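Student: Shown below is the structure under consideration.
The values are calculated or read from the model by the stated rules, or taken from the named source; none is laboratory data. These numbers come from a predicted model, not from an experiment. All Cβ positions, even for glycine, are placed from backbone atoms using ideal geometry, and neighbour counts span all protein chains on display. Note: areas computed on protein heavy atoms with side chains; ligands, DNA, RNA excluded. Shrake-Rupley method; radii C 1.70, N 1.55, O 1.52, S 1.80 Å.
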Amino acid sequence: MESECLTVQIERITYANPQNGYAVLRTSCRGHPNGVVVVGTFGIVNPGEELRVYGTWTCHPQFGVQFHAFRYTILKPATLKGIEKYLGSGMIKGIGPVTARRLVAAFGTETLEVIERQPERLTECQGIGKSRAEKIAAGWAQQKAVQDVMIFLQGHGISPAYAVRIFRSFGSDAVRKVSEDPYILAYEISGIGFKTADKIAAEFGITGTDSRRVRAGLMFLVRGALDEGHLFLPQEELARQAREILQFDADGVVIEAIDTLLQEERLALRVWKDQRLLYLPHAFQEEQGAAHRLADVLSRRAPCPRDRLLTALDGALALEGVALTDLQASAVERSLGERFLIITGGPGTGKTTTLRAVVEAHRVLGRQVALASPTGRAAKRLAEVTGHEAKTIHRLLEFSPQDKGFRYKPGNPLPCDTLIVDEASMLDMGLFYHLLRALPAGATFVLVGDADQLPSVGPGLVLQQLIASGVVPVVRLETVFRQAETSSIVTNAHRINRGQMPILQAPDGKTRTDCYFLDAPDPEKALGLLKNVVASSLPKRFGYDPIADVQVLTPMNRGSLGATALNTALQEALNPASPDKPELKHMHRVFRPGDKVIQMKNNYDLEVFNGDIGLVREVAPEDQELVIAFPQGERVYQPVDLLDLSLAYAITIHKSQGSEYPAVVLLMTTQHYVMLQRNLLYTGLTRARRTLVLLGTKRAIALAVKNARPAVRNTLFGALLAEKVGAVLPSEK
C-alpha cells in the first residue's frame, strides 16, 4: 500500500482514547478547502499544532473519507492563528488562552522562537513578570523533552499515551535508559507489558534465549505476581510461565537464569516442603521479618494487675456510657494483658463500641494511644468515632520521599504505648511489616477489622493468615445488636455472608427501608436509572448531597457500566460545563471546580495516597494546576501529578475498602460477570452507612452470592508465624 504525506494543522480533537492513544483529528490542509479528518495513534497533540502525517486515504462506512496516519512528526505552527491556538491549548504550564493571545500580539510569528531561545524577553509582554516567564520557559522545556521521548517511542511501536508516564519515571534520560535496557518499561511503567518491551529489545538484537531476555522475562513475571497479591511463585510455575511468554522450551536456560538472578540477589529463595519458592528480595524480607517480629511480640505477654484492669474497665464504661457485653468486655480486658490482639466481626456486631472502649481503657491507665487506618477516609472516620486524632499508616510512620523509607523504624520507634489499627482487612504484607518494625518494645498492638471483606489491594492475606495461624489472640464479635437488626443493610450483609440471597425491596412509596433494589436488565436502562437516583431521587427523598454524600460503586473499571464510563456520564449530570466554570483538560480528561476525584497511586511528594478522595476547589488553566481539598488538607496538583488522578463519582468496590459513605449506589450486573464474588458484594454493601441502592439484576446478585471461592494468594505468613511462635525465637536486632 503506497503511503502519502500531508502537512495539516489541528483545528480540534474530535475523539481521543487515552488508553491506546487513538485519536480523530479535524484538521485544515492546503489543497483541501473542506479540511481533512486524520485518524491514527497519536500522543499528546494539541489544537494549533502542525503535523506531517504519513499514511493512506480510507473510506469509513459511517464517517466517510479519512486519512489514516501510520506515523507523524510534529512541526511548529507557522501562522499567528495556529501559534495562538497551539499555546492556548493548555500544553504549557503558565500559558492559557488569554496569555497566548497576549504573547502572539507582542511577538507575532516569532513567539515560539522567543519562548525557546529568548525566554527573558517574555517580560516584555503585558501581564508576564519574571516568575511567570521562568515558569513558561520551564514548561516549554518539559513539553519539548516529552515530545522527544514520544517520537522515540513512536518509532518503536509504543503507544504515545505512555510518553508522559515514561518521562515522569526517567526524566530527560528516558531515551538513553530505554535504549540500554528496553525491559525497564515492563518493570517500571504501569500498562506496558513484557511483549511490548520484548519487541523493542529485538530491535536492539536481544532475542531468543539471550540471557538478558530470559532474566528480564523472569523478573517481569515475579513482579507481576506481586501485583496480583502473591508474595512468591513456585519455581516450577515460574519456569512454566517463562516458557510461555518467551516462547521456547529450553528449561536449562530458564533454570540457569534463575540461578544467576539468585546470585545477583535480584531474587530470593525459600525452600518449603521440598518446593523452591522465589520472591522479590523485599517481599521475602517483609514476610520473614513480620513473622519474626510478631512471634517476638507474642512471646512477651504482660498481664495487667487486677486492680488496674478494673479501674480501666470502669473508666472506659463511664466514658462510653453504655454497657458492654461479656465478649466486648473480654476484648477490652485482653487488650490490656496481651501484646497483640485481633478484634473482628461483621457489621452491627459492636466493633466500633469495643474499639472506643479499648481506646478509653488504655488512656485511663495513662497509656499513649496511636490510632491509624490504611486510608485517609477511614482515618477520618476513626477520629470521629473515637474523638481522638487518627492518621493514615503512611502519615503515622512518616514516609520520607527523599530517603524512600519511613522515619519510624528500629532505633526510632513510634512514640506510643498502644497502637490501634482499624480496617485491618486492608493491611498488606509490606505495611504490616513496617508497623511491626516501628512498634516500641513493650507496646500493645491491636488490629480491628472484618475478615470477611475483600483482601488487601497489596500483596498478602495478612488479617486472614493471622487468624488462620491459630497462634494469635482473637476476639470474634458475632452477636448483631438489637438496634442494628432493624437495618436491612446489616441483615442483608449477614445473609450474603451465609450464602443467602439478600432481601431485595423495590421502592414502592410505602415500605421504609435502608436497602433498595432497582432492576436494570440492560446497560442503557441501568445508566438512566443511575443518573436519576444519584442526581434526583436520593437528594429529594433523603436530602443527600449528590456529590459529597452519594458514592457509586461498581465491580470494575472497564465496560459501559465500569467506573471510567460512569464517571464521564455522572460528571455531565452532576457538574456539567458552563461558561463561568473554568476547566483543565489533561490527557483528554476534563476537571472542573466541584469535581470529586480520587488518587490512584501513592504520591509521597504531595502526601496523598492510593484511594484518597477529594474535591476540586480551584482550577487554574493558565498554570495547568488544580487545588484539591482532601481530608488531610488542600494540595496543589501540577500536570505531572494529574496522571494518577481520576474522577471519583464512581469508583470500584476495591477502591472503596476502608471507607463508609452516607449513601451508596452499588451496581451488580452480568456485564460484571468475571468479578462477581460473595466478598465483593459483601464489601460493597457494607460501605453504606445509612442508605443503599442495589442497581442491576437478581441473576448477577445470585451469581455473586454463590461464588464464595476464597482468595488464593501465594503466602506462607501464617505458617511461618506458627513455626516461629513454636520455636519462641529471640528478639530480632
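Student: If a residue has to be crowded, with 22+ Cβ neighbours inside 10 Å and more than 33 Å from the chain's Cα centre (by Cα) to count, how many in the stretch 87-103 make the cut?
Tutor: The qualifying residues number 3.
Student: In addition: In this structure, is Gly48 in contact with a strand residue (DSSP E or B) (Cβ under 8 Å, 6 or more places away or on another chain), crowded, with 20+ Cβ neighbours inside 10 Å and on the phi > 0 side of the Ramachandran plot?
Tutor: Details: in contact with a strand residue (DSSP E or B) (Cβ under 8 Å, 6 or more places away or on another chain): yes; crowded, with 20+ Cβ neighbours inside 10 Å: yes; on the phi > 0 side of the Ramachandran plot: yes.
Against the criterion (in contact with a strand residue (DSSP E or B) (Cβ under 8 Å, 6 or more places away or on another chain), crowded, with 20+ Cβ neighbours inside 10 Å and on the phi > 0 side of the Ramachandran plot), Gly48 qualifies.
Student: Do we have Leu695 as over 23 Å from Val457 (Cα atoms), open to solvent by less than 10 Å² (accessible area, probe 1.4 Å) and not in a helix (DSSP H, G or I) here? Outline the logic, then answer.
Tutor: Values: over 23 Å from Val457 (Cα atoms): yes; open to solvent by less than 10 Å² (accessible area, probe 1.4 Å): yes; not in a helix (DSSP H, G or I): yes.
Yes; evaluated as a whole, the condition is true for this residue.
Student: Note down all Cβ pairs under 6 Å where the first residue falls in the stretch 431-446 and is under 16 Å from Gln288 (Cβ atoms), the second is in a helix (DSSP H, G or I) and open to solvent by 20 Å² or more (accessible area, probe 1.4 Å), and they're at least six residues apart or on different chains.
Tutor: If the second residue must be in a helix (DSSP H, G or I) and open to solvent by 20 Å² or more (accessible area, probe 1.4 Å), the pairs left are Tyr433/Glu286; Leu436/Arg293.
Student: Something else: Just name the residue that is surrounded by the most Cβ atoms within 10 Å (Cβ to Cβ) out of those in the stretch 243-269 that are of a type in the set (S, T, N, Q) and either in contact with a Ser or Thr (Cβ under 7 Å, 6 or more places away or on another chain) or modelled with pLDDT of 95 or more (or both). Let's see the steps before the verdict.
Tutor: Looking only at the stretch 243-269, we keep the residues that are of a type in the set (S, T, N, Q), and these are 247, 260, 263.
Applying the additional criterion that residues be either in contact with a Ser or Thr (Cβ under 7 Å, 6 or more places away or on another chain) or modelled with pLDDT of 95 or more (or both) yields 260, 263.
Working: Thr260: 15, Gln263: 9.
Checking each candidate, the answer is Thr260.
Student: Another one. Keeping to the stretch 584-625, report how many residues are modelled with pLDDT of 85 or more, part of a loop (DSSP other than H, G, I, E, B), in contact with a strand residue (DSSP E or B) (Cβ under 6 Å, 6 or more places away or on another chain) and open to solvent by less than 50 Å² (accessible area, probe 1.4 Å).
Tutor: 4
Student: Based on what the data block shows, is Glu286 within 33 Å of the chain's Cα centre (by Cα) and in a helix (DSSP H, G or I)? Spell out how you get there, then give the answer.
Tutor: Values: within 33 Å of the chain's Cα centre (by Cα): yes; in a helix (DSSP H, G or I): yes.
So Glu286 passes the test.
Student: Which members of the stretch 473-510 meet the condition of being in a loop (DSSP other than H, G, I, E, B) and in contact with a strand residue (DSSP E or B) (Cβ under 6 Å, 6 or more places away or on another chain)?
Tutor: From the stretch 473-510, those in a loop (DSSP other than H, G, I, E, B) are 473, 478-481, 486-487, 498-504, 506-510; that's our starting set.
Answer for the stretch 473-510, where residues must be in a loop (DSSP other than H, G, I, E, B) and in contact with a strand residue (DSSP E or B) (Cβ under 6 Å, 6 or more places away or on another chain): Pro473, Leu504, Ala506, Pro507.
Student: Out of (1) open to solvent by 40 Å² or more (accessible area, probe 1.4 Å); (2) assigned to a helix (DSSP H, G or I); (3) modelled with pLDDT under 95, what's the single condition that is false for Arg301?
Tutor: With (1) open to solvent by 40 Å² or more (accessible area, probe 1.4 Å); (2) assigned to a helix (DSSP H, G or I); (3) modelled with pLDDT under 95 applied to Arg301, the lone miss is (2).
Student: Exactly one of these conditions fails for Ala548: (1) among the small types (Gly, Ala, Ser); (2) surrounded by 15 or more Cβ atoms within 10 Å (Cβ to Cβ); (3) under 21 Å from the mean Cα position of the chain (by Cα); (4) over 27 Å from Ala704 (Cβ atoms). Give me its number.
Tutor: Result: Ala548 fails condition (2) only.
Student: What pairs can you find where one residue is in the stretch 184-197 and over 19 Å from Leu643 (Cα atoms) and part of a helix (DSSP H, G or I), the other is at pLDDT 80 or above and of a type in the set (Val, Ile, Thr), and their Cβ atoms are less than 6 Å apart, with a gap of 6+ or different chains?
Tutor: Note: pairs meeting the criteria are Phe194/Ile245.
Student: Among all residue pairs at least 6 apart or on different chains, which show Cβ distances below 7 Å where the first residue, located in the stretch 456-478, is of a type in the set (Asp, Glu) and the second is part of a loop (DSSP other than H, G, I, E, B)?
Tutor: Glu478/Thr349
Student: Only one of these conditions is not met by Leu231: (1) crowded, with 20+ Cβ neighbours inside 10 Å; (2) at pLDDT below 90. Which number is it?
Tutor: (2)
Each row is one residue, and each column tells you yes or no for (1) closer than 20 Å to Lys585 by Cα; (2) of a type in the set (S, T, N, Q); (3) part of a loop (DSSP other than H, G, I, E, B).
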residue	(1), (2), (3)
Val36	no, no, no
Val39	no, no, no
Pro47	yes, no, yes
Leu51	no, no, no
Thr58	no, yes, no
Arg71	no, no, no
Pro77	no, no, yes
Ile83	yes, no, no
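Student: Can you find a residue that is touching a residue at least 40 places away in the same chain (Cβ under 8 Å) and among the aromatic types (Phe, Trp, Tyr) anywhere in the stretch 238-250?
Tutor: Initially, the stretch 238-250 is screened for residues touching a residue at least 40 places away in the same chain (Cβ under 8 Å), giving 238, 245, 248, 250.
Among the residues that remain, those that are also among the aromatic types (Phe, Trp, Tyr) are: 248.
There is at least one residue in the stretch 238-250 that is touching a residue at least 40 places away in the same chain (Cβ under 8 Å) and among the aromatic types (Phe, Trp, Tyr).
Student: Out of Leu716, Leu720, Leu703, Leu642, I need the residue that is of a type in the set (A, V, I, L, M), open to solvent by 10 Å² or more (accessible area, probe 1.4 Å) and farther than 21 Å from Leu553 by Cβ. Which one? Walk me through how you get there before you give the answer.
Tutor: On the way: Leu720 fails: open to solvent by 10 Å² or more (accessible area, probe 1.4 Å); Leu703 fails: farther than 21 Å from Leu553 by Cβ; Leu642 fails: open to solvent by 10 Å² or more (accessible area, probe 1.4 Å).
Residue meeting the stated conditions: Leu716.
Student: For residues that are crowded, with 23+ Cβ neighbours inside 10 Å, out of contact with any helix residue (DSSP H, G or I) (no Cβ under 6 Å at 6 or more places or on another chain) and over 16 Å from Ser335 (Cβ atoms), tally how many sit in the stretch 415-441.
Tutor: So the count comes out to 2.
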